[in-house]
1. One residue is enough: does the stretch 184-198 have a residue meeting the conditions part of a strand (DSSP E or B), at pLDDT 95 or above and of a type in the set (Gly, Ala, Ser)?
2. Taking Val75 and the conditions (1) under 18 Å from Glu105 (Cα atoms); (2) surrounded by fewer than 17 Cβ atoms within 10 Å (Cβ to Cβ); (3) not basic (Lys, Arg), which numbered condition does it fall short on, given that it satisfies the others?
3. Report, by residue number, each residue of the stretch 39-65 that is out of contact with any Phe, Trp or Tyr (no Cβ under 8 Å at 6 or more places or on another chain) and either part of a strand (DSSP E or B) or farther than 19 Å from Ser80 by Cβ (or both).
4. Of the residues in the stretch 225-267, how many are surrounded by 22 or more Cβ atoms within 10 Å (Cβ to Cβ), outside any helix (DSSP H, G or I) and of a type in the set (Ser, Thr, Tyr)?
5. When the stretch 36-63 is examined, which residues are found to be in contact (Cβ under 8 Å) with a residue 60 or more places away in the chain and either near the ligand (Cβ under 9 Å from one of its atoms) or not hydrophobic (A, V, I, L, M, F, W, C) (or both)?
6. Please verify whether the stretch 106-126 includes one or more residues that are of a type in the set (Asp, Glu), more than 16 Å from the chain's Cα centre (by Cα) and part of a helix (DSSP H, G or I).
7. Restricting to the stretch 2-25, name every residue that is within 15 Å of the ligand (Cβ to nearest atom), among the aliphatic types (A, V, I, L, M) and part of a helix (DSSP H, G or I).
8. Keeping to the stretch 294-335, report how many residues are of a type outside the set (Lys, Arg), in a helix (DSSP H, G or I) and closer than 27 Å to Phe280 by Cβ.
Amino acid sequence: SLVLVTGASGYISSHTVETFLDQGYNVRGTVRSKDKGEYLVNLFEGKKGKFEYAIVEDIGVDGAFDEAVKGVDGVAHMASPFHFNAEDPEELFKPAIKGTVGVLESLKKNNPDVQRVVVTSSVASVMNSNIKPPHTFTEKDWNDVSPKECEEQGKNASGQAKYRASKALAERAFWKFFDDNKPSFDGVAINPPLVLGPIIHQCDSPDSLNTSVAVYYSWLKGQKTEKDLPAGGMNYVDVRDTALAHVLALTKSEAGGERFITGNGPLSGNDYVLEIAKDFPDLNHIPKGNDDSEFKKKLTAEAIIHDGSKATKVLGLKYRSMDETLKDMGTSLRERFNF
Ligand code: NDP
């Protein structure tokens, strides 16, 4: 069968395309340029499934996906801007919301026989930043705080609020489309926290690294100091587990209509520096971490948790270890950027 993956040139989506191809699915990926498409054709040569690309320059434009959706059996809609530098919230809202609803409308118009659409949402659509840790968020929770901050403050809202609101509003619009239109196909949302692990997508310079890997890169390059530690409070998941979650979500019938947090628990800057010291002892400009087990336990106990157990229960998703995620990410970055 043929699956459409939007924004296929991205960090998570390129892994998702790879996982689909490895499992024997054929994939059509949307990219913004021929150059990005050809990079992927090269990358995926010799895979079990066949890869092709379609150019969609801007997902925020009316009818952007009208052609790309033709003939596909399922869709993973992953394209959406992820950065904290937007001036006007609309810069993010338009592609995030119009892109999401646009895929669904194009399907309704040109391919109503499609079976399912999986959208890459985020814990940004789940979390409430007014709630102080320790606290556990589940799929029942919705982030209404960031959209409100953007509504009240517009351009003056924080960069994080603008991004988080774009994800929350896009996922709300996704579910509303199903309520309003009752199409014959159904939907699933995947809500990852910070996604980490090796890069396989086109990225020629560290300056153009995707947002989540760029955070780790700055630790790996010694751009952070002891003052920045312990930098707790995040949750994370491996990019390969996130990719597999999309594949499982598209294929497991029980997943229809559900949201899934794909979270493998808390992670801190302290974890980064300890792992870097273990895996790459030659990088000796890294601030020293604290390996004391009581200290580490306390950091975890003080963290927000995005509970990823439903994805294990319903999708059968197993999370790989933090060691593996961080080591493979470091190795891939050192290989890519030669240091
Ligand atoms: P990337 O920036 O690597 O991928 C984003 C993709 O979306 C790119 O292919 C990008 O194309 C495309 N895109 C963005 N805006 C447009 C537009 N207006 N028109 C067409 N294409 C567009 O980031 P990630 O892989 O991290 O993000 C993928 C998805 O995962 C996003 O929906 C993000 O919100 C979500 N997510 C990411 C997390 C993370 O920690 N990385 C955590 C939770 C959710 P191009 O590069 O050509 O601009």
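The values are calculated or read from the model by the stated rules, or taken from the named source; none is laboratory data. A quick note: this is a predicted structure, and the numbers were derived from the prediction, not measured. Neighbour counts run over all protein chains shown; Cβ positions are idealised from the backbone, glycine included.
1. The first filter runs over the stretch 184-198 and keeps only residues part of a strand (DSSP E or B), leaving 186-191, 194-196.
Subset that is at pLDDT 95 or above: 186-191, 194-196.
Checking the rest, the ones that are also of a type in the set (Gly, Ala, Ser) come to 187, 189.
Scanning the stretch 184-198, I find at least one residue that is part of a strand (DSSP E or B), at pLDDT 95 or above and of a type in the set (Gly, Ala, Ser), so the answer is yes.
2. All conditions are met except number (2).
3. Taking the stretch 39-65 and keeping what is out of contact with any Phe, Trp or Tyr (no Cβ under 8 Å at 6 or more places or on another chain), we get 39, 42-43, 45-48, 50, 52-55, 57-58, 60-65.
Matches in the stretch 39-65: Tyr39, Asn42, Leu43, Glu45, Gly46, Lys47, Lys48, Lys50, Glu52, Tyr53, Ala54, Ile55.
4. The total comes to 2.
5. Once the filter is applied, which keeps residues that are in contact (Cβ under 8 Å) with a residue 60 or more places away in the chain and either near the ligand (Cβ under 9 Å from one of its atoms) or not hydrophobic (A, V, I, L, M, F, W, C) (or both), the stretch 36-63 yields Lys36, Tyr39.
6. Step one: list which residues in the stretch 106-126 are of a type in the set (Asp, Glu), which gives 113.
Those left that are additionally more than 16 Å from the chain's Cα centre (by Cα): 113.
Now drop any that are not part of a helix (DSSP H, G or I), which leaves none.
Within the stretch 106-126, not a single residue is of a type in the set (Asp, Glu), more than 16 Å from the chain's Cα centre (by Cα) and part of a helix (DSSP H, G or I).
7. Listed by number, the residues that qualify are Ile12, Val17.
8. Going residue by residue through the stretch 294-335, those that are of a type outside the set (Lys, Arg) are 294-295, 299-309, 311-312, 314-317, 319, 321-326, 328-333, 335.
After this cut, where a residue has to be in a helix (DSSP H, G or I) as well, the list is 294-295, 299-301, 309, 311-312, 314-315, 322-326, 328-333, 335.
Filter once more, so that each one left must be closer than 27 Å to Phe280 by Cβ: 294-295, 299-300, 322-326, 328-333, 335.
Summing the residues that are of a type outside the set (Lys, Arg), in a helix (DSSP H, G or I) and closer than 27 Å to Phe280 by Cβ in the stretch 294-335 gives 16.
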